[in-house]
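Bear in mind these aren't lab numbers, they're just calculated from the coordinates by the rules spelled out. No experiment lies behind these values; they were computed from the predicted model shown. Cβ: placed from backbone, ideal geometry, glycine included. Neighbour counts: every protein chain shown.
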Amino acid sequence: MTEKKEWDLEPDFDTLMKGEKSHEWISEPRFKKLFNEVEHGLQGVMGKGRYEWVDRRVFDQVFDSSTLLAIHKLMQKGDIETIEYPIARGKEAHVFYATSNQGPVAVKIFHTTNAVFKSLAKYIDGDPRFGGLSRRHRELVNIWVRKEYRNLKRMRKSGLQAPMPIAHFKNVLIMEFIGEEKASPRLRDVSLDDPYDVFIQLLDIIAINWQSCNLVHADFSEYNILLKNNDIWIIDVGQAVTNQHPNAEEFLVRDITRIVEWINRQGFDVKVADCLVRVLDDPVPILSPLPGGD
Ligand SMILES: Nc1ncnc2c1ncn2[C@@H]1O[C@H](COP(=O)(O)OP(=O)(O)O)[C@@H](O)[C@H]1O
Ligand SMILES: [Mg+2]
């Protein structure tokens, strides 16, 4: 409730969204102060001069006016100091390397104006029956962010290595940066001396997640696993659901199948059924909770 109240003091979303395509709102006097404050922290992803974005597409896709307001708020708290460069760009979100008053962080910014949404919008804007849709769409994204934040916490409580969630606001999620100078590679990007050992650890993670944490990742694959030195980190947990979900078992089998396919591509002959028995029935170690978990 308090979050909503604070937010309502900010300029109205829909007024902002109207001027958004041309970025005209940026030069409107009432937003000038806000933009000047954010601009400094965004120099890494923007050009030097005003409006000379390094990558105009990134700016258009990610930094719409409502997102800039959210970033402004997070900057005021010190959760973000500067946003330096994109680590990854996906259809639903961009992930940036950023700095905060606690040091380096990863900032995942979900698109509120993705291509699909934009193409739909032209059929919806101006049709009074769908007046509330853009607001609902944004609300859905906000719920998604909250879910990823909570799932990260929950996994860490069971001792699973997932990035420590730091803050979230609207469509922006801030979490521990996994990497040294550069972001750690995905499992997909490395070649391993002993892939089978990693496979066994991955199966343990799925089992602990299911049995102790009562969650299923639901998008577990070599794309959503990072390797930092020899440590395995699980990311991208927004879609994870509890094992009470009506499709939980189906998701579990799919997660297991993906990593079985991964290990079998390296010349092994692992059976999904054996792994499923292990995940469901074999006792799992009780790990100590990690900081930031609850
Ligand atoms: N906490 C993090 N630290 C370092 N890199 C990250 C972090 N979170 C995500 N990434 C990088 O960003 C990419 C996309 O993030 P992810 O959460 O998987 O989003 P998407 O939904 O777009 O797949 C990952 O593949 C990884 O390379
Ligand atoms: Mg991913």
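How many nm separate the modelled label positions at R146 and R265, each set 7 Å beyond the Cα in the direction of the Cβ?
About 3.7 nm, to one decimal.
How do V107, V284, V277 rank when sorted from fewest to most other Cβ atoms within 10 Å of their own Cβ? Numbers along the way, then the final one.
Working: V107 27, V284 18, V277 11.
Exposure proxy ranking, most exposed first: V277, V284, V107.
Fully extended, how many nm does the chain gain between R136 and E181 (0.36 nm per residue separation, minus their Cα-Cα distance)? Spell out each step's value before the answer.
Details: separation 45, 0.36 × 45 = 16.20 nm, distance 3.82 nm.
My answer for the length gained is 12.4 nm.
To one decimal place, what orientation-averaged projected area in nm² is obtained for the convex hull of the Cα set of the range 187-281?
Numbers: hull surface 23.0 nm².
Taking the Cα atoms of the range 187-281, their convex hull projects to 5.8 nm² on average.
Once you've got the Cα coordinates, tell me which of K33/K157; K147/K271; K73/K153; K91/K271 are over 30 Å apart. Write down the numbers at each step before the final one.
On the way: K33/K157 41 Å; K147/K271 32 Å; K73/K153 22 Å; K91/K271 33 Å.
K33/K157; K147/K271; K91/K271, as the Cα separations exceed 30 Å there.
Where in the range 128-210 are there GluC sites (Glu not before Pro) that are in a DSSP coil and have at most 14 other Cβ atoms within 10 angstrom of their Cβ? Please report the intermediate quantities before stating the final value.
Numbers: sites: E139, E148, E176, E180, E181; in loops: E180, E181.
Those satisfying the criteria are E180, E181.
Step through the residues of the range 72-83 one at a time and calculate ³J(HN,Hα) from phi using the Karplus curve (6.51 cos²θ - 1.76 cosθ + 1.60, θ = phi - 60°), rounding each to whole Hz and writing x for Gly and Pro.
4, 4, 5, 5, 5, 7, x, 5, 10, 9, 9, 10
Please identify the trypsin sites (Lys or Arg not before Pro) of the range 136-232 that satisfy two criteria: DSSP loop assignment and at most 16 other Cβ atoms within 10 Å. Which are they? The partial results should precede the final answer.
Details: sites: R136, R138, R146, K147, R150, K153, R154, R156, K157, K170, K182, R186, R188, K228; in loops: K170, K182.
For trypsin sites (Lys or Arg not before Pro) across the range 136-232 that sit outside H, G, I, E and B with at most 16 neighbouring Cβ atoms in 10 Å, the list reads K182.
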